[in-house]
Every structure is written in structure tokens, then in C-alpha cells.
Amino acid sequence: MKKSFLLLCTSLFAFAPTYAALEDNSIEAELDAQKVKTLNTDFKLKSFESCQNMEDVMGDYIKEYWKNNKQNYYRYPMMLDDVMFWSMEKSEEAVMETSNVVADQASGSPATPDFSQTNNQVVWVDESDIIKTDGKYIYYFNDSDSYVYIVSVANKEIVKKIKVPKTFYSPILYLGNNTLTILSSWYSNQDYSAKWYYINRNDKTYVIVFNIADVKAPKLDKLYITDWSLTQSRKIGDYIYIISNNYFNIPYYTFKSEDDIDFSVSDIMPQKIDISKTSIKAKQNLKVKWAVAPYNVTSWNVADCTKISYVLPDEETIKQYDFNPSYNVISVIDTKDTSKKVETSVIAWSNNQIYMSLDNLYMTSNMYQSYDFACPMNARCFAPWFSRGSNTLLHKLNVAWMKVTYQDSTIIPWTPLTQYSMDEYKTDFRILTQTNSWESGQNESHTDLYILDKALSLKWSLKNLWTWEQFKWSRYIGDKLFLVTFEQTDPLFVIDVADSASPKILWELKIPWYSTYLHPYDANHLIGIGYDTKENEWGWIVNSWLKVDLYEINYDKKCGDTWLTALEKSKCDSGDYKWIIVKQKFTKTLGSNWSYSEALDNPRMFMWKASDKKLFLPVTLYGNNWVDLYRYTDFFNGLVTLSIDKDAWIKEDYRVTHIDTTWLEAEREKECSVYTKQTTQSSCVKLINWEQYCEDRVYNYVPTYCYAESKIWEYLASRSWNYYNSFIKRALWVWENSYSVSNSYVSSNNISTWKEIFKLQLK
């Protein structure tokens, strides 16, 4: 196993891109030439000898941290991956067990059911969402009334409503074989009045597993509760992996000296409660209204002191960074056999992004170095949000059955953008990072690619790429990496990473817009959704309307081929040979300024039916006056269905909205009727009541939706959020029909004829 190390990068990389493969096989050696400062933190895990030993070690750490941060308690606590506990010993055996899980739960390639599934990053690794379907029923969490609705597709009716406590925060769903699982954070009224506290036990993660063999009568099989808030989750087969997090709440401002710090293990040890359904009467210990219910209740700490391993930062690290200690609890639940004990691991450090394959879990945490900042004399102010630089602490964990086993750790320069910045391919791990640096008063940014082997040793890197460009999105598809950056034009880069020791940039396409999500169409085509852009009156590049693109990728095409078109030959003659490999084939724009789709930031919103080449896209579209761009002339919220033919077009098929505008015109007329005839001023407009309104600056006094030339959609745009519960939040498909879901309705349309099948009111 390689020697672990922690690096702090304190200087900028060179401006010019470098594409040459590295000769040295370590990040440390790679960064030595760039004025890297090595911190004296040993990543090899240690074990506490006893609870007293844990109190001594942790108490000393908290005292040291207080001494170095007592004057800076006003700062926003930016987290370093500083303290790590692990409740399971490092083992090589877990790797041997992984193949058994895959063989049992996911043999062969995934079958393509004739109903939509969550748009997951990794095949067979399910991600949570507010809606799920098994092709027979739709399961949807409605945040307006806190019910999970179960809707029959065949019977077009609500068969069950499961009440979720209103104290639950952003519940999410998983669907399994006759199981429905609800995950949520739970927040009570948090009491911060106490002088001494270290963790907030009012924050909990709830996991509720229902047996839905009979959907009309769901049976609660398991209720699992652990300390702190839900942050991440994944599902492989019947197993759900849940990560809960909470910061240490150390009241530094109340301490006057080290002697005030009274620390004990009970202050920081997380706890869990497991309530499982059982038919064994001897284990039934839950009493409800003085009667014994068929459940077994157990409660205990998530780990014992002597089973916890740890690593703590050195004094220099504490001085260099703004951070507070933090906990992560990883819980593994078997949804098929809910009687099994929930396995837990405890890691005391923050987590920003995760990537999970069938074999491994990768967890990242940002390490921020504070920007030098001073307040004016006698002024009260806060440190700015930007940082001088940052690195990423990466941990690799093996997952097998209900075991989660620590493998290794390393440091990557800078930070990934999203989970899609990471990928596991064969035995390699690939990660894209970007920096924003404020040294010398400049906000410089650049993107790096690192490829690590199974021991997290560096195999290759592509550094200082596309300086001054903002990293917008990335997508790994097999041995190809597609990367979008943006400043004033959109470079779509395609990188061949088949040879991890020598990746190659195959091409780049520059167009005046950018994509925020990329999705495979087929082996040679890629769908992109994003924004068109334009320059505003101050010279800034700003977003305009939504766009959907189809990119064509010809991996084998090259200059000199006899079948090139005249345009392609001209591109070759001008030296733009990369253009013939990738090009934007078709584009479709939607709306105008301020138009939006959640799918731009949330891939779960992107619903693609590959067999029919149909894209179902929930959107909010605005129309703008070309003279006054801040005046809306049109508004639409709903589902847009697009056909994407690689040989012909991207065309819009139909739209679905749940907003009822029956009484909208009457409301507008009533509101606008208050404006009466005024003729004393020179600037006049006609109103919808045919009165004439005159003022020097009419824009200041009369809403533009009262002008005679205005349309009802301008009025709707002005109060659109009044119709929030009618906003379509998700789309899915089952067989030949699409389904649109809002907080108010579930509606269905035939995909081919566009005919409405039904519209079912939820509330």
C-alpha cells in the first residue's frame, strides 16, 4: 500500500496548457516544482486504546484548534477534512466479496424495461428522487402536502397516500422489489442557548422501509434513525448506502482559557435507533398505547471507542485553514431482509461529493485555504467567500454486501465540480478539478484531469487546461471524456482516455454558448442542454434562451478522406481539422431571457426515451420584449416533448401544462380597471380597459401587463409563482404514454398522437 501524504499547494500553475505525460508517479513529486508545502499529517489510521484515550486525544485537538481560532470565531466555518474516524478496520478481503454481490444482483447488462427509470450516473447504482415508477404504479412525494402518492397507471387513480411528517426536510424515494423506502432529514427547533455543546442531536436522518406487495396496504417493516442530517445516498441491489453529516458545534467564543474546555466522549458519539418488524414474540418490545406492537427496538452508539480509528491534523494545518470538525455516519440497510442489523461506519470529516460504482465508494472533501483578510479599525465584518486555493481530500472505500471497508486516501489539487466530474473505469479512477485563485488580485481559473490507479497513485495528468475558462460540465462515456468549459465561447472537448498512461485530446468545438449537461444519444452522437449566450450593454456575456443540441462525433474521420464534404475540406485547408471530427449537427432554442429547466443542474430531471428518440423536458419559459428585455411578453411552465432525429432535426412535438388560466383574464381586467384617464401629461399609453393613461414615465406607474398591446401571458409571468403547485416537476414514461407530475396533478399523454389520456388531481 502506498505511503499516504497531504499536500498544500500555495502557488498558481503555469498559464499555458501542458499535455505531456508525467514521468513521476506521485502527486507530491509532480507539485514539488510549484512551491508546494508538505503538511506533516500522517494518513495512516490509528486506534484509540480506550474511551479515556479518545477523550484525551480529542480534547487536546479541540484545545489546539481553539487556541489557533479563538480570534476568528466570526468567520464562516469552512471545512477541512481534518479528523477522520473509522469504525471498520482496513481490509483486503472486501474486494474478494464484491463480485458475489454483482453476480447475485446485477448479472449481465441491464435490461431495458418499457418504463422510465431515474437518470443515474452509473448503471446498476440507483440514485434517489422524489418520483419513482415500476411501470405499474407511480410513487411521488408531494412537498405541498407532505404525502407520498401511489398512482395506478392502468386504473388512472390514486390507490394510496402515505403521510410524511411535515418536520421532514426534502424526503426522497427508493423503489425495490416490493419495497418503498423514504429517506429524509428531520429538523426540530434547535436549541443553541446552552453554553456547552459539541454536536446537535436535534438533527436526524430517518429511513422508513415499506413492504408494498399490496400497494393499497403498505406495511412499515423498518424505521431507522441516526444522528444528523442526510447528505448522500445510493442503492445497489437491495442495499441502500446512506451518509449523514453534522458539524461539531464548538462554542469557541464562550471559552476564556483551555481550562474551560470540558470534553467527554458522550459529547461527540453519534447514536442510532433501529425499529424492525418481527414475528418473534420474544423480541417484540415496542409498546403502542400500552399494547405490544410486532416490532423490535434497539438503540446504541454507532461505534465503540476501541473500534474507532482516527487521524488528526497537525498544528500547522490548523493554522493554515478555516475548518471545524465534522462527522459522517455511513449506514447500510438491507431493504429485502429488514430484520438485519444496520451496519454503520463513522468518519469525522466533511463530505462534498461522492462517486459510487458497483465496487467502490469515493468520497471527496474540499480543503479551503483562507484568503488574507482584515477588517477596518472598529468595523464589524466577515471574511469573503472566495479562497486563495483549495485541494480535495479523496477517500476510497470498498462496498460489498453490507460491508464498507476503508481502502486508501490521497490529495488532489483543486476541487471537482459535481459527481459527474468523477468516474471509475476498469481499475482506474478519473477526476476533473478546477480552481479559482485570487492571488495577485486576479480571479484565475483552470481545469485539470487526474487519472489514478486502484491504489490512488497518480498515473497521468493533464494540467493547466483552458486557463480563464469556467468548468461547466463533464461526462465520461467509456474510454472518452466530454468536457465543457466557458468564458465567451463554448469549447466542447473530447479526450480519449483509453490509454490511461497517455490520454489524448482528440478535438474541440468552439461555439458561442455552453451546455450544462451531456447525455449519450448513440455511439456517435451526444445530446447537450444548456444556454445560448449574448453580450449585454455592459460587455458581459450573459445567458439568454435555453437550447438543446445534437453533436455528431466522427472518431475515424480525418483530413484527406475522399468522402469529406466541401465544407469539411475547406475546414481542413484552413487548418481547422478538429472541426470535422465533432460538430454541432442540430440545435433547438426554447424561450428567451431567464428561461430555465431544472435539468440544467439536476440530471434526474432529464428523461430520455432512447427507443423512440424522445426527450421529455420540464421547463419554465419566458418571452421578452426586444426593446425592454426585463418586460415579459410570454410565459410557459410545463413539459416540452422533443423528437431528436440524428439525420433530420430536433423538433418540438407537444407541450403540457398544469396551470389553469380560466379566470386569469378576469383577474387582470379587475386589477387594471383602477387606472383611469389622465390627459395632463405628454406621454400616454392605452390600457386594456381602453382608457388612456399619461405620465412622464409610464413604466413607473402602470404595470406593463395593463397596456392594450399586452397579452395575458405577460400578466401570468408577473405572478407565476402563485401557480407554483402547478409547476411540472418531473416527467416519466410508461409504454406508449408520457406522464407529467406537479403538486396539483398527474397527467398523461400518448407519445405518438399527443392525445391527453387522463388528468388526475392530487390536491
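Each value in this text was obtained by applying a stated rule to the coordinates, not by laboratory testing. None of these values were measured; they are calculated from a predicted model. Note that each Cβ is placed from the backbone with ideal geometry, even for glycine, and that neighbours are counted across all protein chains shown.
Table for the structure above
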quantity: By average C-beta atoms within 10 angstrom, highest first, the peptides 659-665, 719-725, 617-623; calculated: 617-623, 719-725, 659-665
quantity: Sequence-distant residues sharing a close amide H with Asn200 (under 5 Å, placed H); calculated: Asn249
quantity: 5 angstrom amide H check on Asn352, placed H, neighbours 5+ away; calculated: Thr364, Ser365, Asn366
quantity: Ascending count of other beta-carbon atoms within 10 Å, so fewest first, for His525, His446; calculated: His525, His446
quantity: Two-site FRET efficiency, Ala291 against Asp214, from Cβ-Cβ distance with R₀ of 25 Å, rounded to 0.05; calculated: 0.60
quantity: HN-Hα J in Hz across region 235-243 - Karplus 6.51, -1.76, 1.60, θ = phi - 60°, x for Gly and Pro; calculated: 9, 10, x, 8, 9, 10, 9, 10, 10
quantity: Members of Lys340/Lys396; Lys160/Lys283; Lys163/Lys613; Lys646/Lys711 lying beyond 28 Å, as alpha-carbon distances in this model show; calculated: Lys160/Lys283; Lys163/Lys613; Lys646/Lys711
